[in-house]
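Participant: Shown below is the structure under consideration.
The values are calculated or read from the model by the stated rules, or taken from the named source; none is laboratory data. These numbers come from a predicted model, not from an experiment. Backbone-built Cβ (ideal geometry, glycine too); neighbour counts: all protein chains shown. All accessible areas refer to the heavy atoms of the entire protein, side chains included, with ligands and DNA or RNA removed. Shrake-Rupley method; radii C 1.70, N 1.55, O 1.52, S 1.80 Å.
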Amino acid sequence: MADSLSDPSELLGLLRLGPACLGGASAVDAERGFALRLPRGLANRIRPEDPADPILRQVLPVARETDERRGFSKDPVGELRSPPEGGVLRKYRGRALVMVTGACAVHCRYCFRRHFPATEHSVVSSRLHAVTEQLARDRSVGEVILSGGDPLTVPDDRLAKIVTEIAELTHVRRLRIHTRMPVVLPQRVDEGLIEWLAGVPLPTTVVIHANHGNEIDDDVRRSLAALRATGVTLLNQTVLLRGVNDDADALAQLNERLFEVGVLPYYLHMLDRVQGAAHFEVPEDTAFEILRELRARLPGYLVPRLVREVEGAPFKIPVDPKR
Ligand code: SF4
């Protein structure tokens, strides 16, 4: 992570692209604390000399992020209005989301938490006990989700401490880890992590996040195969993004590539309307067409559920063409 790219000009130089791709956005963005962050291994998966590359579009700050668009806000799903209590977010019945950290290995320009002060709300070591006390008081919590930021940006010993305390709560029956790390920085899936994960005493699901087949290279395949060998269930969630994956070919290829290494599709999210990401929005009619096409060409188990998150709703709302 320390070796990641943070200077858009350096990235464009590596890709033999001109500064016109930036439109002066880098300075604005750095001020907002959501500057370019890109592991070099992921940068190597970007096609040189192609400003329309689907990975580049996900990570390069562009001037359009400063456009004000009606309906787009800093708090698209209401997490600032109802922030996590002591690092624990309660959205859906029976599940509790623990914000382990605010850090990520990559800054995805469409991220719905790009304005969320996750570091402020995450679980620092001194608050860990308060988190487990809170979870212990509510026996309806059957599943704990480690999220952030990206929980795999924290060291193994800290993850182990958090999960050991959670696993002692007899009513918690499942663990879930939401992470983009196996895709964006596959070296994170090292021996230490694998050894720890294999010993977690709860049935565990690791939900990765990949949006395009070009993100899946041999290093990623190895990281996913290693995770799978620990016995965890592997699922993928994708955000439907204009100019990145808004066609059935791209999504079919992504899900077929992931299936080859044991990952099943979970959600295909409509964009959360976060300020700065309006240029990524895909109209609902286009999303329907893509979903129909995916259903026509893939077996049902390779078609993700198209959903939208609605503030206050008791579950993710299916977005379905009804025919
Ligand atoms: S890895 Fe996830 S949490 Fe981090 S910036 Fe990307 S979408 Fe947001």
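Participant: On full extension of the chain, what length is gained from THR119 through GLN187, given 0.36 nm per residue of separation minus the C-alpha to C-alpha distance?
Facilitator: Full extension of this stretch gives 22.1 nm more.
Participant: Let me ask something else about it. Highest mean first, how do 297-305, 246-254 rank when packing is the count of other Cβ atoms within 10 Å averaged over residues?
Facilitator: So the peptides 297-305, 246-254, ranked by packing, come out 246-254, 297-305.
Participant: Using 1/(1 + (r/R0)^6) with R0 = 35 angstrom and r between the beta carbons of LEU202 and GLU256, what's the FRET efficiency to the nearest 0.05?
Facilitator: Computed FRET efficiency for LEU202 and GLU256 comes out at 0.70.
Participant: Could I ask something else about it? Taking amide H positions as placed in the peptide plane 1.01 Å from N, state which residues far from VAL310 in sequence (5 or more) or on other chains have amide H under 5 Å from it.
Facilitator: Amide H neighbours of VAL310, under 5 Å, 5+ apart: ILE317.
Participant: Ranked highest first by average number of other Cβ atoms within 10 Å, how do 309-322, 82-95, 65-78 line up?
Facilitator: So the peptides 309-322, 82-95, 65-78, ranked by packing, come out 82-95, 65-78, 309-322.
Participant: Mean projection of the alpha-carbon convex hull of the range 239-321 over all orientations, in nm²?
Facilitator: Value for the range 239-321: 5.9 nm².
Participant: Work through the residues other than GLY192 whose Cβ is under 13 Å from its Cβ and net out their charges, Lys, Arg +1 and Asp, Glu -1.
Facilitator: Net of charged neighbours comes to -3.
Participant: Would you compute, from DSSP H runs of 4+ residues alone, the mean residue ellipticity of the chain at 222 nm, taking -39500 (n - 2.57) per run and dividing by the full residue count, rounded to the nearest 500?
Facilitator: It comes out at -8500 deg cm²/dmol, rounded to the nearest 500.
Participant: Could you estimate the translational diffusion coefficient of the chain from the Stokes-Einstein equation, with Rh from the Kirkwood formula over C-alpha pairs, at 37 °C and 0.692 mPa s, in whole µm²/s?
Facilitator: After rounding, the answer is 162 µm²/s.
Participant: Can you work out the Karplus-derived ³J(HN,Hα) for every residue in the range 148-161? Use 6.51 cos²θ - 1.76 cosθ + 1.60 with θ = phi - 60°, whole Hz, and x for glycine or proline.
Facilitator: x, x, 10, x, 7, 7, 8, x, 4, 5, 6, 4, 4, 5
Participant: Also: How large is ³J(HN,Hα) for each residue in the range 190-198, as worked out from phi by the Karplus curve 6.51 cos²θ - 1.76 cosθ + 1.60 (θ = phi - 60°), to whole Hz, x for Gly and Pro?
Facilitator: Rounded to whole hertz, the list is 9, 4, x, 5, 4, 4, 5, 4, 5.
Participant: Pop out the ³J(HN,Hα) list for the range 286-297 in order, Karplus 6.51 cos²θ - 1.76 cosθ + 1.60 with θ = phi - 60°, rounded to Hz; leave Gly and Pro as x.
Facilitator: Calculated HN-Hα couplings, in order: 5, 4, 4, 4, 5, 5, 4, 5, 4, 5, 6, 10 Hz.
Participant: Would you please calculate the Kirkwood hydrodynamic radius of the range 123-185 over all C-alpha pairs and express it in Å, rounded to one decimal?
Facilitator: For the range 123-185, the Kirkwood estimate is 12.4 Å.
Participant: Indicate the gyration tensor shape class of the range 278-323 (rounded, prolate or oblate), computed on the Cα atoms with a ≥ b ≥ c the square roots of the eigenvalues: a/c under 1.5 is rounded; otherwise a/b larger than b/c is prolate and the rest oblate.
Facilitator: Cα axes put the range 278-323 in the oblate bin.
Participant: Follow-up question, since we're still on this one. Based on the alpha-carbon gyration tensor of the range 182-323 and its eigenvalue square roots a ≥ b ≥ c, which shape applies: rounded if a/c is under 1.5, prolate if not and a/b is larger than b/c, or oblate?
Facilitator: Taking the square roots of the gyration eigenvalues as a ≥ b ≥ c, the range 182-323 is prolate.
Participant: What is the Cα centroid distance between the range 49-81 and the range 165-189, reported in whole angstrom?
Facilitator: 27
Participant: If you don't mind, there's one more thing I want to ask. Among DSSP beta bridges lying fully in the chain, give the percent that are antiparallel, nearest 5.
Facilitator: Once the DSSP bridges in the chain are tallied, antiparallel ones form about 20 percent.
Participant: How big is the gap, in Å, between the Cα center of the range 217-256 and the Cα center of the range 302-319?
Facilitator: The range 217-256 and the range 302-319 have Cα centres separated by 19 Å.
Participant: Kirkwood-based Rg over Rh for the range 1-142 (C-alpha set), two decimals?
Facilitator: 1.06
Participant: How much length is gained if the chain between ARG127 and SER73 is pulled fully straight, taking 0.36 nm per residue apart and subtracting their Cα-Cα distance, in nm to one decimal?
Facilitator: 16.5 nm
Participant: What number of lysine-lysine pairs in the chain show an alpha-carbon separation below 26 angstrom, given a sequence spacing of 8 or more or placement on distinct chains?
Facilitator: 4
Participant: Sticking with this one: Round to a whole number: what % of the accessible area of the range 222-323 belongs to carbon and sulfur, probe 1.4 Å?
Facilitator: The C+S portion of the solvent-accessible surface of the range 222-323 is 50 percent.
Participant: I'd like the accessible area for GLU10, computed on protein heavy atoms only with a 1.4 Å probe and all protein chains in place. Round to 10 Å², please.
Facilitator: 80
Participant: Could you work out how far apart the two model spin labels at ILE194 and GLU85 are, taking each label as a point 7 Å from the Cα in the direction of the beta carbon, and quote it in nm?
Facilitator: Simple spin-label model gives 4.1 nm for this pair.
Participant: For ARG158 and SER140 in the same chain, what is the full-extension length gain: residue separation times 0.36 nm, less their Cα-Cα distance, in nm?
Facilitator: Extra length from ARG158 to SER140 when fully extended: 3.9 nm.
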